[in-house]
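One structure is given here, and the rest of the page talks about it.
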Amino acid sequence: MTDASLLAVSDLHVSYAENREIVTGLWPDHEGDWLLVAGDIGEKVADIEWTLGTLADRFAKVIWSPGNHELWSGGSDPVQLKGVARYQHLVEMCRGLGVVTPEDPYEVWTGAGGPVTIAPLFTLYDYSWRPAGTRTKAEGLAAAHEAGIVCTDEYFLDPSPYPTRDDWCRARVAETERRLAAVEGPTVLVNHWPLRREPTLVLRYPVFAQWCGTDLTADWHTRFNAAAMVYGHLHIPRSTVYDGVPFEEVSVGYPREWQARRKRERWVRTILPAAQQVERA
């Protein structure tokens, strides 16, 4: 276990053949490596199961946090569960594969940089990251429609039985805060959505930030003693630091995005032992 690393990746989007090929090439560097998967594997349960099953067979432990794409319903997926029922179905599927979810006891990484409690989170968003000049959720959504930049969640992410996605978000935040408050010692927080708004300031379309998180989690990285915060969703892979805590955006993204960037030598990011070079935010 001495040489083992805690690795992370997100936004694999395996409905694309090119990205599915990336998954087939993901292997641990050392025996004992753990892999954090921060959401948006795909939209179909079968694709999610194939991906996590493939990775669980290779890595010593796989820990998953859901993204918005896993929660979509109403498309071509034979599994037509919605909202909480869909999420619970995915949790049970993960348990059958030996994959850790936000509903399971937190695991403790004891390799390099440890011991650290690994906390997979599921928080959603509450439209509090509104566009400049807007004061309410309704105004923020109106600005998005006017700009022609509307997240597909508005059509496919059903929050049932919660009335709205922001209601589901607030319930998730309250339950997650309760669990994190009981953790002693350092943590690695893993969430599909960034816990702070600052990472969204580099978005090409700032109006999209309202689907990227919540003000309710803005201090979690300091409150809960984070050694690192791992996220995805933005499809802008980079490393930044807030209040001395590394924030690691570890997404692969869509083929049109990663093919346009400088070629990446590896698709996973090493979280522990800690990376040395980060972009100071």
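The values are calculated or read from the model by the stated rules, or taken from the named source; none is laboratory data. Since this is a predicted model, take the numbers as computed values, not measurements. Every residue, glycine as well, gets a Cβ built from its backbone with ideal geometry; the counts of neighbours run over all protein chains shown.
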Query raised in the report: Checking ARG223 against (1) over 22 Å from THR270 (Cβ atoms); (2) touching a helix residue (DSSP H, G or I) at 6+ places or on another chain (Cβ under 6 Å), which test does it fail?
Result: (2)
**Report entry** Conditions (1) surrounded by fewer than 13 Cβ atoms within 10 Å (Cβ to Cβ); (2) among the small types (Gly, Ala, Ser); (3) at positive phi; (4) touching a residue at least 24 places away in the same chain (Cβ under 8 Å): number failed by GLY148
**Finding:** (4)
Query raised in the report: Considering only residues of segment 246-272 that are part of a strand (DSSP E or B) and among the aliphatic types (A, V, I, L, M), which is farthest from the chain's Cα centre (by Cα)?
Result: LEU272
Report task. May I ask you to list the residues in segment 234-259 that are out of contact with any Asp or Glu (no Cβ under 7 Å at 6 or more places or on another chain), touching a residue at least 40 places away in the same chain (Cβ under 8 Å), surrounded by 17 or more Cβ atoms within 10 Å (Cβ to Cβ) and not aliphatic (A, V, I, L, M)? Result -> PHE247, GLU248, GLU249
Query - Residue check for GLY133: surrounded by fewer than 19 Cβ atoms within 10 Å (Cβ to Cβ), at positive phi and in contact (Cβ under 8 Å) with a residue 60 or more places away in the chain - result: no
Report task. Answer with yes or no whether GLU70 is under 21 Å from TYR205 (Cα atoms), charged (D, E, K, R) and assigned to a helix (DSSP H, G or I). Result -> no
Requested in this report: May I ask you to verify whether SER128 is under 28 Å from LYS44 (Cβ atoms) and outside any helix (DSSP H, G or I)?
Outcome: no
Requested in this report: Identify all residues within segment 232-245 that are of a type outside the set (Lys, Arg) and part of a strand (DSSP E or B); write none if there are none.
Outcome: SER239, THR240, VAL241, TYR242, VAL245
Report task. Output yes when any residue across segment 169-186 is surrounded by 21 or more Cβ atoms within 10 Å (Cβ to Cβ) and under 28 Å from ARG20 (Cβ atoms), and no when none is. Result -> no
Query raised in the report: Looking at segment 41-75, which of the residues that are out of contact with any strand residue (DSSP E or B) (no Cβ under 6 Å at 6 or more places or on another chain) and among the charged types (D, E, K, R) is surrounded by the fewest Cβ atoms within 10 Å (Cβ to Cβ)?
Result: ASP57
Query raised in the report: Of the residues TRP34, TRP27, which single one is surrounded by fewer than 17 Cβ atoms within 10 Å (Cβ to Cβ), touching a Lys or Arg at 6+ places or on another chain (Cβ under 8 Å) and touching a residue at least 12 places away in the same chain (Cβ under 8 Å)?
Result: TRP27
Query raised in the report: Which numbered condition trips up GLU18, out of (1) part of a loop (DSSP other than H, G, I, E, B); (2) surrounded by fewer than 16 Cβ atoms within 10 Å (Cβ to Cβ)?
Result: (1)
Query raised in the report: Across segment 114-140, which residue is modelled with the lowest pLDDT among those that are over 23 Å from the mean Cα position of the chain (by Cα) and among the aliphatic types (A, V, I, L, M)?
Result: ALA132
Query raised in the report: without any contact (Cβ under 8 Å) to a residue 40 or more places away in the chain, aliphatic (A, V, I, L, M) and not in a strand (DSSP E or B), is that true of ALA138?
Result: yes
Query raised in the report: Which of the helices (runs of 4 or more DSSP H) contained wholly in segment 151-231 include at least 3 residues that are at pLDDT 95 or above and among the basic types (Lys, Arg)?
Result: 165-180
Report task. Return a yes/no flag: does segment 198-214 have any residue that is within 27 Å of GLY111 (Cβ to Cβ) and either in contact with a helix residue (DSSP H, G or I) (Cβ under 7 Å, 6 or more places away or on another chain) or among the hydrophobic types (A, V, I, L, M, F, W, C) (or both). Result -> no
